[in-house]
Every structure is written in structure tokens, then in C-alpha cells.
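Data block below; observations after.
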Amino acid sequence: MLGETLSPPEKEQLAELMRLDRFRLKMLYWDLPTPSIADLAGEYDAQLLDQGDPLGTFLTRTLFGSKGPWLGKAFRPISDTCGEGYNAFGTVEDRRALLPMDTSIDHSLVVPGDSFILDYRHRNWGPICWLRGEVRRVSESVFLGMGTFGPRRRNLHKFRRVIPFVMVHCDRPYLNLATQPPMKRAG
């Protein structure tokens, strides 16, 4: 269960995030601090939050589930300025590292300032290249994320879909990406 190892105040923060609508999640995200590359290490349970409308929620959850049950994300710092990560799919006992990403601190596409960025462009192909995530800190173990799907150019921001999610640190170790089976290319 998401957040079962959290302290009581962090459990309340998580419960509050689960209750907020998409607009309020974006407003909260605005004021949160940006974690450093070193702050996010290991695996994090994750869950999609309010997606704004029933159709958006259905489509987003269907796409996120296309590779199996989504457990969360994982991160490994490489240096003070960059890292790598993946999305974990499957079950806790039998999980796979898919949809690898590069991580850095860079400008946010959602709010002014910097965020911890999840960049899928250089390690994936197809529509996933249009996905970019960013994360800010709610507390020591709870993080609010905003995925953006669509064009990255600022003048095309109206064509982006914002995808709020929450991450909670867990005790699972980071999987070695080199030992994971490669993803199959479509057609």
C-alpha cells in the first residue's frame, strides 16, 4: 500500500495530495522546493493523482497500464548534476525496469523555476519521447510529480497534457538497467 511506512505527518500529506483536484495540485507544485540529484535515490512507489476529468483519467490510466501494473519510479545519481532512472512495472516480487530516463535539474515546463527533470527522449522511441516528468519535494519521503505529454516548445504549451502523480520512497533496491531484457520495437 502506498505510504504505509510513512510517519503520521507524511501520511496526512499523502492523504491531502490524494484529495486535491488537478488545479490545486498544480498550485501546490508551484511553491514546493526542488530536490537535488542526490535527494532522489532508490525506488519510489507512485500513483497517478486527479487527472482533471473522467475521460482524461481513463486514458491516462490505460496508457500507464499498457506495460503492466505501474509500481513507480527509481533513480540513481551519476554525478551532482545528472542521473538516470526507470519506471517499475509488474509486482513487488517480480518487477521490470522499463521506460528508462535521464535525470537532471532544469527549467520546469509547468511552473517558473527549476525542477528535478525526468527526460525520456534519448533512451526511448515512439510517443514516449514526448513525455517529460518533473518532481518537487513535499517532505523527506513524499514527492509531487507533474508529467507533461506533448510538444516541449513554450509557444505550443496549450497542446501539452499535464499528468500529476505522487511518489513515496520505499525500501526496494534499484534494479540494474544493463541486466533488464530490452524493450521490443514496434513493427
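The values are calculated or read from the model by the stated rules, or taken from the named source; none is laboratory data. None of the values given here were measured: they were computed from a predicted structure. Note that we place each Cβ from the backbone using ideal geometry, even for glycine, and neighbour counts take in every protein chain shown. Surface accessibility is based on the protein's heavy atoms, side chains included, excluding ligands, DNA and RNA. Shrake-Rupley method; radii C 1.70, N 1.55, O 1.52, S 1.80 Å.
Couple of notes before you dig in:
- Structure remark: mean-square fluctuation, Gaussian network model of the chain, C-alpha springs under 10 Å; the largest value among MET27, MET18, MET167 belongs to MET27.
- Assigned charges on the beta-carbon of Lys, Arg, Asp, Glu; the chain dipole about Cα centre (debye): 1060
- Protection proxy ranking of 93-105, 126-138 - average other beta-carbon atoms within 10 Å, highest first: 126-138, 93-105
- Highest-fluctuation residue, PRO164, PRO173, PRO33 considered, GNM on the chain with Cα pairs under 10 Å: PRO173
- Percent accessible area from carbon and sulfur atoms, the chain, protein chains only, probe 1.4 Å: 58
- Hydrophobic, long helices, defined as DSSP H runs whose alpha-carbon span along the helix axis is 24 Å or greater and whose mean Kyte-Doolittle value is at least -0.5, do not occur in the chain.
- Per-residue [θ]222 nm for the chain (sum of -39500 (n - 2.57) over DSSP H runs n ≥ 4, rounded to 500): -5500 deg cm²/dmol
- Taking label points 7 Å from Cα along the Cα-to-Cβ direction, SER36 and ASP106 give a separation of 2.1 nm.
- Charge dipole (the chain, unit charges on Cβ, about Cα centre) - positive-most of ALA88, GLY42, LEU17: ALA88
- Bridging of LYS73 to aspartates and glutamates at a Cα separation below 16 Å is possible for ASP39, GLU43, ASP45, GLU84, GLU93, ASP94, ASP102, ASP119, GLU134, ASP171, once same-chain residues fewer than 8 apart are set aside.
- Among ALA15, ALA74, ALA41, the largest mean-square fluctuation in a Gaussian network model of the chain (Cα springs under 10 Å) belongs to ALA15.
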